[in-house]
Amino acid sequence: MFAILVKEIQSYLSSLIAYIVIGVFLTSVGLLMWVFPETNVLDYGFADMETLFSLAPYIFMFLIPAITMRTFAEESKAGTMELLLTRPLTDLQIILGKYVAGVLLVAFALLPTLLYYYTIYQLGNPVGNIDTAGVIGSYIGLLLLGAVFTAIGVFASSITENQIVAFIIAVFMCFLLYTGFSSLSAIPAWGNFAIAIEQMGILYHYNFMSKGLIDSRNLVYFFSVIALMLLCTKMVIGSRRW
């Protein structure tokens, strides 16, 4: 697994994909937080990072699939998938190596945003007038969200040889799982079942995390979705051995 992890990280860093994705993410978030009049912190007048944590998931929906679309699709198209499967590694080790590399890249993209926290911390009146506990909870929630989107992207890449198709499938699945259930639950016909349907989506659990509420139920949900996506990927990869 470690060998696959190192190989994937080197592959990301030796190509423009990682740098473009991280650059686009930081530029987009920076413009939204400090420049655009409707969302920037300076006009908003409150020392918080709500803009980052509310808009970053929608940016992740497109950027993370762009990172993961090559994970298995490229191997299949290049004909190296069979060679990879002949190595003395289990399917799960191969999948985890590629998956963890993607999550590390997402975490690396989030690191520079800590500068935004420091800036807002200094701009507070008085200095330090910011809900640090809430920010920590929001960062944990955003990282878990990125981990879920990465798992979805890896799965999408495993079911096709075309990277563009993998990208489209991953974006659709991320959007559906993030906002689809919340939108579906808003239909009046569901009645008392509306809350149960809403809880099936990521947005419900992510909103709690964004408030700094680190609840075990939310953690179980995120890890369950990640495990389900990786299990589905394992089934797809395992079918190619036959």
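Can you tell me which residue in the stretch 83-108 is surrounded by the fewest Cβ atoms within 10 Å (Cβ to Cβ), limited to those that are among the hydroxyl-bearing types (Ser, Thr, Tyr) and outside any helix (DSSP H, G or I)? Step through it out loud before you land on a result.
Step one: list which residues in the stretch 83-108 are among the hydroxyl-bearing types (Ser, Thr, Tyr), which gives 86, 90, 99.
With outside any helix (DSSP H, G or I) added as a condition, the list becomes 86, 90.
Details: THR86: 9, THR90: 12.
Checked the stretch 83-108; the qualifying residue surrounded by the fewest Cβ atoms within 10 Å (Cβ to Cβ) is THR86.
Just need a number here: residues in the stretch 150-167 that are under 15 Å from the mean Cα position of the chain (by Cα) and more than 17 Å from ILE17 (Cα to Cα).
4
Just give me the residues in the stretch 158-186 being over 14 Å from LEU63 (Cα atoms), touching a helix residue (DSSP H, G or I) at 6+ places or on another chain (Cβ under 6 Å) and in contact (Cβ under 8 Å) with a residue 24 or more places away in the chain, in sequence order. Let's see the steps before the verdict.
Initially, the stretch 158-186 is screened for residues over 14 Å from LEU63 (Cα atoms), giving 158-162, 165, 176-186.
Subset that is touching a helix residue (DSSP H, G or I) at 6+ places or on another chain (Cβ under 6 Å): 158-161, 177-179, 181-182, 184-185.
Once the filter is applied, which keeps residues that are over 14 Å from LEU63 (Cα atoms), touching a helix residue (DSSP H, G or I) at 6+ places or on another chain (Cβ under 6 Å) and in contact (Cβ under 8 Å) with a residue 24 or more places away in the chain, the stretch 158-186 yields SER158, ILE159, THR160, GLU161, LEU177, TYR178, THR179.
Sort out which residues of the stretch 181-227 are among the aliphatic types (A, V, I, L, M) and within 21 Å of LEU143 (Cα to Cα), and write them in order of number.
Of the stretch 181-227, the ones among the aliphatic types (A, V, I, L, M) are 184, 186-187, 189, 194-197, 200, 202-203, 209, 213-214, 219-220, 225-227.
Result: MET200, ILE202, LEU203, MET209, LEU213, ILE214, LEU219, VAL220, VAL225, ILE226, ALA227.
To keep it simple, each residue is scored yes or no on (1) hydrophobic (A, V, I, L, M, F, W, C); (2) modelled with pLDDT of 90 or more.
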site	(1), (2)
LEU123	yes, no
VAL127	yes, no
THR150	no, yes
ALA156	yes, yes
ALA166	yes, yes
ALA170	yes, yes
PHE175	yes, yes
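Consider the stretch 109-134. How many of its residues are small (Gly, Ala, Ser) and either touching a Pro at 6+ places or on another chain (Cβ under 9 Å) or in a helix (DSSP H, G or I) (or both)? Walk me through it before giving the result.
Here is the first cut: in the stretch 109-134, the ones small (Gly, Ala, Ser) are 109, 124, 128, 133-134.
Pick out the ones that are also either touching a Pro at 6+ places or on another chain (Cβ under 9 Å) or in a helix (DSSP H, G or I) (or both) and you get 109, 133-134.
The total comes to 3.
Residues of the stretch 184-227 being surrounded by 13 or more Cβ atoms within 10 Å (Cβ to Cβ), aliphatic (A, V, I, L, M) and within 22 Å of MET173 (Cα to Cα), which ones?
LEU184, ALA194, ILE197, MET200, ILE202, LEU203, MET209, LEU219, VAL225, ILE226 - these are the residues of the stretch 184-227 that are surrounded by 13 or more Cβ atoms within 10 Å (Cβ to Cβ), aliphatic (A, V, I, L, M) and within 22 Å of MET173 (Cα to Cα).
What's the number of the only condition in (1) among the acidic types (Asp, Glu); (2) modelled with pLDDT of 75 or more; (3) surrounded by fewer than 20 Cβ atoms within 10 Å (Cβ to Cβ); (4) under 19 Å from SER157 (Cβ atoms) that GLU8 fails to meet?
Only one criterion is unmet by GLU8, namely (3).
The values are calculated or read from the model by the stated rules, or taken from the named source; none is laboratory data. Just so it is clear, the structure is predicted and the values come from calculations on it, not from any experiment. Cβ atoms come from the backbone with ideal geometry, glycine included; neighbour counts cover every protein chain shown.
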